[in-house]
Ligand SMILES: [Zn+2]
């Protein structure tokens, strides 16, 4: 039983999905971290200058729909809508109890602000970071 008002519970629930709507998901609770990755693999995989995602415990994420996947490095699985190709999730073999959700696929993409930048060594020159977030040259240990 909880004495918290219903609105507090609702605020910890976020929904998202792919471009075509074939895949939908719900995430609950607070992210473990929210990272923006500037590495070349993320640039290639997203077709963009960087990749932004929020990491959650795996049991906090519920997925419906047909999700395809590709292994982009030894440790990392990228999961996307099998129909429209929208990138939705990443998972690491080395962190099997967590799943990362792409910020852009959230129904409210401003729901989670980044907590740090990683792989700054590969950041495109035209992107000027005006925030005060930690910047890691590569993947932090
Ligand atoms: Zn889709």
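Here the gap between residue 131 and residue 69, fully extended at 0.36 nm per residue and compared with their Cα-Cα distance, gives a gain of 19.1 nm.
A crude spin-label estimate for the pair residue 110 and residue 49, with each label 7 Å from Cα along the Cβ direction, gives 2.0 nm. For the chain, the mean residue ellipticity at 222 nm estimated from helices alone is -2000 deg cm²/dmol, where every DSSP H run of n ≥ 4 contributes -39500 (n - 2.57) and the total is divided by all residues, rounded to the nearest 500.
Put the Cα centre of segment 24-53 next to the Cα centre of segment 105-141 and the gap is 9 Å.
Only bridges whose two residues both fall in the chain count here: according to DSSP, what percent of them are antiparallel, nearest 5? In the chain, approximately 90 percent of DSSP beta bridges are antiparallel ones.
Any read-out appearing in this document is the output of simple, stated calculations on the displayed coordinates, not a laboratory observation. Treat the numbers as computed from the prediction; the structure is a model and nothing was measured. We place every Cβ from the backbone using ideal geometry, glycine too, and count neighbours over all the protein chains shown.
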